[in-house]
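Taken together, the values in this text are just the output of simple stated rules run on the coordinates, not laboratory data. Given the structure is predicted, the values throughout are model-derived calculations rather than measurements. Every residue, glycine as well, gets a Cβ built from its backbone with ideal geometry; the counts of neighbours run over all protein chains shown.
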Amino acid sequence: MQQLSFFTTTTTSPSSSSSSSPAQHRLLLRELPESEHPHRRLQRYGAAALSNAELVELVTGSGETLGREVLTHFGGLTGLARASLAEIQDIEGLGPARAARIKAALELGRRLTTATPDDRYQVRSPADVAKLLMPEMGILEQEQLRVVLLNTKMQIMDVVTVYVGNVNSTIVRPAELFREAVRVNTPAIVMVHNHPSGDPTPSLQDIEVTRKVVQAGRALGIEVFDHLIIGTGRYVSLKERGLGFE
């Protein structure tokens, strides 16, 4: 559904536009009619009614068009999430303080997706794990293999990053993959890795890794509940497809 966005345009004469920088034409929040302030609209309609640009504006307290300029520069919200602090603060009109606010807001969002409250996040299906990890892993530029540690109630105890780089049968060693599970005595795990290409279709190597790890888990008495491959906005459960779990 298209998000609501209220933008005000300003006009300048040809003579003034040639001598002014883009930053001088940004409409400051205080210049907006009170009813159009993003914080007023948030109070009235809820945060979901604001555009990504307006949310950036609220986080930074910046001019009305700066949020759009930031998102355009990085190619959208995903690009902004990948950007470093130095890259963000190089944008004219931001600087170190506003860039830090953006990174802090993005980090809070990331932590929310992986938070484990006192009544720990429970896994009832592969979709539960995907929902938790896909917002972060779906935008990674490098392949990562993570292990989700589960207790006897299928609640998440921890998420451990085991490999960064190519995930294939010649690299993945069961001893390393199960190390933390053995240390804390977890009865089950879920393997999760991402495809930076965005396509979660399993490769022959992915299937071979799964088969190898499932066999090692049986020997250790640790169930491999599933192996998920995360892509852009979608995932594949190898267990649901019967790949490597024969």
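Restriction of the GluC sites (Glu not before Pro) in the range 150-242 to DSSP coil positions whose beta-carbon has at most 13 other beta-carbons within 10 angstrom yields Glu240. Quantify how much of the Cα-Cα distance distribution of the range 128-246 extends past 17 Å, in percent. Above the 17 Å cut-off, the range 128-246 has 50 percent of its Cα pairs. Sparse packing (at most 13 other Cβ atoms within 10 Å of the Cβ) combined with a DSSP loop state is found for the following trypsin sites (Lys or Arg not before Pro) in the range 135-226: Lys153. Inter-label distance, Glu107 to Lys153: 3.1 nm, where each label sits 7 Å from its Cα along the C-beta direction. Taking amide hydrogens as placed 1.01 Å from N in the peptide plane, the amide H of Tyr163 sits under 5 Å from those of Leu145, each at least 5 positions away in sequence or on another chain.
Taken along its three principal axes, the alpha carbon spread of the range 47-102 comes to 30, 21, 16 Å, from the longest extent down to the shortest. Residues whose amide H falls under 5 Å from that of Val123, counting only those 5 or more places apart or on a different chain, are Gln155, Ile156, with hydrogens built in the peptide plane. Spin-label model, Arg183 to Arg218: label points 7 Å out along the Cα-to-beta-carbon direction sit 2.8 nm apart. Taking 0.36 nm per residue of sequence separation and removing the Cα-Cα distance, the Glu208/Ala47 pair yields an extension gain of 53.5 nm.
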